[in-house]
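The values are calculated or read from the model by the stated rules, or taken from the named source; none is laboratory data. In this text, all values refer to a predicted model and were calculated from it rather than measured experimentally. All Cβ positions, even for glycine, are placed from backbone atoms using ideal geometry, and neighbour counts span all protein chains on display. Accessible surface areas use protein heavy atoms only, side chains included; no ligands, DNA or RNA. Shrake-Rupley method; radii C 1.70, N 1.55, O 1.52, S 1.80 Å.
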Amino acid sequence: MTDSLEIYRRADSIVRRYGTRNPEKIARDLGIVIYDNLETSSLLGMYCCKWRHRFIFLNTRLEEHMRQNVIAHEIGHDQQHRKLAMRGGLQEFTLFSMKSQTEYEANAFACHLMLATDDVLDYVHQGYDAVQIAQMTNTDINMVLIKIAELNKLGYDLRVPMEPDGCFLKDTDPERASVMDDDKL
């Protein structure tokens with residue numbers, strides 16, 4: 001079972017320690033090496049831990065806002081599932097599918113890393129919907145929806161305007177993903 005409070009605390013601790021919500025800077029500060037060298041249409045990114053070294057591999061065709069979302073997601077794997085990755089337990093075919101607990105946890109971690117709780121609460125209380133919040137925070141609408149759902153698990157009583165698309169990062173064609181993101185915004 002997902003421990004929403006622990007995921008929130010871990011992400012919040014990292015944000016406070018490094019003084020930023022920028023996933024790329026956080027990854028580097030954590031000692032994770034980022035390679036922009038995946039030339040495939042089947043993956044947006046992946047996390048790997050080998051020989052005590054941690055790596056994030058990114059698709060070369062990612063637009064900047066999607067790149068940041070993918071890095072945040074992969075940091076989630078680093079923080080939540082490093083031991084599993086070291087044993088070879090993270091299989092590429094499960095990346096970004098929220099049908100597995102590990103992928104949902106990585107997405108929840110990414111949401112807490114990228115989206116400040118106070119900011120999201122302020123936007124919600126001002127009457128903004130998830131689409132508007134996504135636009136203002138330059139993130140995917142599904143990240144906002146997961147953040148709101150996670151805040152509800154933490155005891156907040158926020159109305160979630162729609163359920164997140166469980167496969168929002170599963171669309172592995174970076175060009176199509178950026179067109180889809182533009183349609184959502």
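Observations on the structure shown:
- Residue within the range 13-26 that is of a type in the set (D, E) and open to solvent by less than 40 Å² (accessible area, probe 1.4 Å) present: yes
- For the range 140-163, the set of residues classified as of a type in the set (V, I, T) and farther than 22 Å from L5 by Cβ consists of I141 only.
- Entirely in the range 103-158, the helices (runs of 4 or more DSSP H) that have 3 or more residues that are farther than 17 Å from I26 by Cβ, open to solvent by 70 Å² or more (accessible area, probe 1.4 Å) and not polar (S, T, N, Q): 117-125
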